[in-house]
Amino acid sequence: MSLIVKKFGGSSVADDNKLRNVARIVTQSRADGHQVVVVVSAQGDTTDDLLEKAAALNESASRREMDMLLACGEQMSAALLAITIEKMGCPVISLTGWQAGMQTDSNHAAARIKDIDPERVRMELDKHNIVVIAGFQGINKFGDVTTIGRGGSDTTAVAFAAALKADLCQIYTDVDGVFTADPRIVPDAKKLDAISFDEMLELASLGAQVLASRSVEMAKRLRVKLEVLSSFRECPGTIVKEVVKMENMQVSGVARDNNVARIALIGLKDVPGVAARVFSLLAQHKINVDIILQSIGRKDAKDISFTVAAGNLAEARALLEEHRESLDYEKLEVSDRISKVSAVGAGMVNNPGVAARMFEALAAAGINIQMISTSEIKVSVLIDLADSDRAVQVIHQEFFGG
Ligand code: ADP
Ligand code: ASP
Ligand code: MG
């Protein structure tokens, strides 16, 4: 008998029929002799709907109250799934995150998992129950409800798989696995049978939302065996594991992130310490900076452009404007009509020319590159938002054909 953690995303539990489908998958697995722990997301667009509901009442609601609200979405799914499984005559119990032992810090809306006390879940498994856990939520040391960030149910699943020493953590979603690009943008993208933790982490961090990047990082660190598969079609998914032999593949996937914004500081003084002042200011306010480009000094001036997450743009802009005098720049320009498109692959290290092929493909499609950033296993370009889908398609075509 093995212990399996199965996570079902919002699209997999969106309505009654989908809940019945999930209940069938879960009860079948139990009938096959496994202990089953299920982690669920909120149904369909529930989280976004709740965010809208709150914004209509108060645009700057406290993060504590937002957590109280958003956690309801996952609780509702967990109870509805348990009710559906009950109807099938199978022993089941649903638990909130905190009933299941998920303890977090107090950073509401983006809480870090501190510890999982799996005792209650183990007790319920010993009683032969299927255990359904509400994802994305925990409790802090004051007994307040917290949430762990968008896409957090993936991380909940991996965290419980680690805490329970599960044999496998299965992330069920609305596509067959991890593809060489988002199949919604590139219909002929290919499903990968396996992908390494490092490549998956890079893809997820660069915008492939199929897995939350924190869940991949945690699975790598805690050695959780991970599989991404469809809740609608019975076929093998993608295994995410330590080492994957793909020597022939320079690029394993293309990802894009539209939640980015670019800030340009024009006419900064070309003297030592300027970049340090700009980026220390942002760091003090916990604003992460991604791609940075500094122009070569002309006369006594230089420009620095950089990207931040779109959600940080307003705060970053306000901060830089507030410190205009001390930073001493001529002009500040911002744009959120941009997209970051990346090619990822461990095989790049030993294959020069990946970047050149990517840039040529973009040039042939008439797509202008605004910024570039590279690492050993990825090349990212910043482009106009309007070109985003086409850029993913032509880069995919260049490396995977089809
Ligand atoms: P869930 O509701 O199950 O959490 P998500 O919407 O978070 O599902 O993630 C699944 C979606 O991720 C897919 O529908 C797909 O459009 C998108 N996606 C982006 N990049 C990829 C990729 N490389 N492979 C598979 N899916 C991807
Ligand atoms: N419901 C949350 C979200 O929409 C968490 C999740 O689905 O993983 O981000
Ligand atoms: Mg998701």
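Things to note:
- Carbon and sulfur %, accessible surface of the chain computed with the full protein complex present, 1.4 Å: 48 percent
- Cα centroid of the stretch 249-306 to Cα centroid of the stretch 141-208, whole Å: 29 Å
- The alpha-carbon of Lys299 sits under 26 angstrom from the alpha-carbons of these lysines, leaving out residues fewer than 8 places away in its chain: Lys269, Lys331.
- Ordering Pro187, Asn258, Gly33 by the projection of their Cα atoms onto the charge dipole of the chain, which places +1 on the Cβ of Lys and Arg and -1 on the Cβ of Asp and Glu, puts Gly33 at the extreme positive end.
- Pairs beyond 30 Å (Cα-Cα), from Lys18/Lys286; Lys87/Lys220; Lys87/Lys190; Lys191/Lys378: Lys18/Lys286; Lys87/Lys220; Lys87/Lys190
- Accessible area per residue for the chain is 47 Å², calculated with a 1.4 Å probe on protein heavy atoms, without ligands, DNA or RNA.
- Using 0.36 nm per residue and subtracting the Cα-Cα separation, the extra length available between Ile296 and Asn350 on full extension is 16.4 nm.
- Placed amide H near Gln43: partners under 5 Å, 5+ positions off or other chain: Ser77
- 18 Å tail of the calculated P(r), the stretch 159-294, as % of Cα pairs: 63 percent
- Lys/Arg +1, Asp/Glu -1 at C-beta; the chain dipole; positive extreme among Val271, Met88, Ala356: Met88
- Listed peptides 375-383, 284-292 appear in the order 375-383, 284-292 once ranked by packing, highest mean of other Cβ atoms within 10 Å at the front.
- Where N is the number of residues in the stretch 272-354, Cα Rg divided by 2.2 N^0.38 Å: 1.32
- Geometric descriptor of the chain, per residue, is 156 Å³ (volume of the convex hull of the Cα atoms).
The values are calculated or read from the model by the stated rules, or taken from the named source; none is laboratory data. Nothing here was measured: the structure is a model prediction, and the numbers come from that model. All Cβ positions, even for glycine, are placed from backbone atoms using ideal geometry, and neighbour counts span all protein chains on display. Side chains included, ligands, DNA and RNA excluded: accessible areas come from the protein's heavy atoms. Shrake-Rupley method; radii C 1.70, N 1.55, O 1.52, S 1.80 Å.
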